[in-house]
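Please treat every number below as a calculation from the coordinates, not as lab data. Everything numeric in this text was worked out from a predicted model, so none of it was measured. Here the Cβ positions follow ideal geometry from the backbone for every residue, glycine too, while neighbour counts run over all protein chains shown.
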Amino acid sequence: MAFNGKVALITGGGSGMGQKAALMLAEQDAQVAIFDVNDAGMEETCAGNDTIKRYHVDISDTDAVQAAVAQVESELGPIDRVANAAAIMPFGKLLEQDPKVQIKLMEINYNGLVNIATATVPGMVQRGSGDFISFSSMSGIIPGLLMGGYCATKAAVSMYTEILYHENRDSGVRFVCVCPPPVATPLWKQAKDTVVPKVTQVDVVLTPEEVINHVEASLEKGEFLSFPGKGTKIGYRVRNWMPSRIWDHNHKVEGF
């Protein structure tokens, strides 16, 4: 594992990617703080792990995030790694999906990232070390019919993280923006419980551990963009070079 620090903060630590990241870091004897509103999930993450401490935090609440980060640093010490994995993932056609749901998507997936970054990165920059891992998605790179709200948030996550990296690239802080395809987590189940775009119906769904291991490898190599899973890097190139191919495929697969 590429983590060399002592204290890590993981958002979305009550399930899925965040839970797995917290457990893997705890196995390396790191002190781990997890943020979530899922108290039962956080209790499960902490079970039998004295080095994981939970905090009930809504990451879309700026003041709550600032206060919680200050509490973590007071109780555990300076934060050496942040992994922002908290997100929601309801799908739907843009003009049919409740606009309040689309706004909530942005509040959690994007505004939450802004709150976490502005509360934690300045301290790491000041100390000249640390890791900041931002969980985007291939959906933030390749647009898809029936999932416009989610795609928009992840595109915002990717852009924000890229600029954050370039504004601080000589600071000593390592930045990674990970863009996975579908991953076997409760988040993916949340999407499937709304509507399942045919383009997302793939045979191979990654495990959280596979994604996290790829992130660690990217950190060690100094790679900003992390593309776990077969074909993701090719998909990134096709989107940049031949965007019409992406849309032609989308319309053909979805049938409209």
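Structure values in brief
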{"item": "Rounded FRET efficiency, nearest 0.05, which uses the C-beta distance separating D39 from D61 and R0 of 22 Å", "result": "0.85"}
{"item": "Percentage of interatomic Cα-Cα distances in the stretch 7-254 larger than 27 Å", "result": "32 percent"}
{"item": "Mean shadow area of the stretch 1-147, taken as a quarter of the surface of its Cα convex hull (nm²)", "result": "9.1 nm²"}
{"item": "Modelled FRET efficiency - R0 30 Å, M1 with M242, Cβ distances, 0.05 increments", "result": "0.20"}
{"item": "Mean Cβ neighbour count within 10 Å, used as a protection proxy, ranking 182-190, 18-26 highest first", "result": "18-26, 182-190"}
{"item": "Rel. contact order, % - alpha carbon contacts under 8 angstrom, at least six apart, the stretch 1-130", "result": "27 percent"}
{"item": "Approximate shape of the stretch 117-256 as ellipsoid semi-axes (Cα gyration tensor, √5λ), whole Å, largest first", "result": "29, 16, 14"}
{"item": "Convex hull projection area averaged over all views, the stretch 104-147, Cα basis, nm²", "result": "3.8 nm²"}
{"item": "Peptides ranked, highest mean first, by Cβ atoms within 10 Å: ranges 28-40, 54-66, 107-119", "result": "107-119, 28-40, 54-66"}
{"item": "Residue-averaged 222 nm ellipticity for the chain, from DSSP H runs of 4+ at -39500 (n - 2.57), nearest 500", "result": "-14500 deg cm²/dmol"}
{"item": "Relative contact order, percent, the stretch 7-254 [alpha-carbon distance under 8 Å, six or more residues apart]", "result": "18 percent"}
{"item": "Tilt relative to the chain, helix 208-221 - C-alpha long axis, 0 to 90 degrees, to 10", "result": "70 degrees"}
{"item": "Inter-label distance for E220 and D98, nm, one decimal - labels placed 7 Å from Cα along Cα-to-Cβ", "result": "4.5 nm"}
